[in-house]
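What follows is calculated from the coordinates using simple rules that are stated; it is not laboratory data. Not measured: the values here are computed from a predicted model. Backbone-built Cβ (ideal geometry, glycine too); neighbour counts: all protein chains shown.
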Amino acid sequence: PRAEIAPGAVHVPDWLGFDAQRELVEACRGWRGYRSARLPSGGVMSVRTVCLGWHWVPYRYSRTIDDGDGSPVLPFPDWLGDLGRRGLADAYGVPAEDYRPDVALVNFYDAAAKMGMHQDKDERSLAPVVSLSLGDTCVFRFGNTENRGQPYTDVELGSGDLFVFGGASRLAYHGVPKTLPGTADPALGLTGRLNLTLRVSGL
Ligand code: MD3
Ligand code: FE
């Protein structure tokens, strides 16, 4: 079952099987340095993020952890690029051998974390973004390209769900108003929610 929420925005529930989900949770646990990004406005994000390939600091990318100890950013593994290519091909139903994501933002949500409505426009490429969710279900809000408010559609994203955002949806406002604590399968060994977004930096 594959649902086109808007042109270029395709949701594939339960795309990753349970074993693959567990492996991905394990990989996310191995990446160190999750931190809450500080916004220039003074706010601190409630989501905790670790970056692979390029380091994201609102509102730019760099090769070093500029808001940390200045060390080089973790590498973006080949297997994760392969997973992103498979995701894009399955969601759009077309071959995607040219899709080469080089950044992953891995977001961890505890029971209280959320993400306000925003656009992803720090990438210099408008190639699609591939999103994978693990653990607790969340309410994902998919808006429009004009403003942060209505119209929007709320969609629940559960563990193993794939979502691809390309084409006319690439610059749509979106956010996560809440997670649903305690909805993860206990056998997954994850309290909270993880989301990986694979992107092409264009840098
Ligand atoms: C729609 N993450 O990291 S994933 C983000 O669940 C982000 O952690 C959310 O928004 C999360 O920037 C939502 C779904 C998503 C990701 C990228 C998009 C939706 C998108 C880019 C363009 C349009
Ligand atoms: Fe985003």
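Below, the figures for the structure above:
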item	result
Cβ charges +1 (Lys, Arg) and -1 (Asp, Glu), total dipole of the range 3-199, debye	660
Hull-based mean projected area of the chain, where the convex hull spans the alpha carbons, in square nanometres	10.7
Choice from 64, 49, 179 with maximal GNM fluctuation in the chain (Cα, 10 Å cutoff)	64
Euclidean distance between Cα centres, the range 24-78 to the range 114-164, Å	19
Of the trypsin sites (Lys or Arg not before Pro) in the range 1-60, those whose Cβ has at most 15 other Cβ within 10 Å and which sit in DSSP loop	2, 32
Built amide H within the under 5 Å cut-off of residue 57, gap 5+	62
Distance in nm between pseudo-label sites at residue 119 and residue 5 (7 Å out along the Cβ direction from Cα)	1.8
Residue with peak Gaussian network fluctuation, the chain [Cα springs, cutoff 10 Å], from 149, 68, 192	68
Two-site label geometry, residue 89 and residue 41: point separation in nm, points 7 Å out along Cα→Cβ	4.1
Whether the range 86-203 is rounded, prolate or oblate, judged on the alpha carbon gyration tensor where a/c under 1.5 counts as rounded	oblate
Expected 222 nm ellipticity per residue - DSSP helices of 4 or more, -39500 (n - 2.57), all of the chain, to 500	-4500 deg cm²/dmol
Shape call, the range 123-178: gyration tensor on alpha carbons, a/c limit 1.5	oblate
Lys/Arg +1, Asp/Glu -1 at C-beta; the range 1-88 dipole; positive extreme among 43, 88, 70	43
Sites residue 62 and residue 185 - FRET efficiency at Förster radius 41 Å, r taken between beta-carbons, to 0.05	0.65
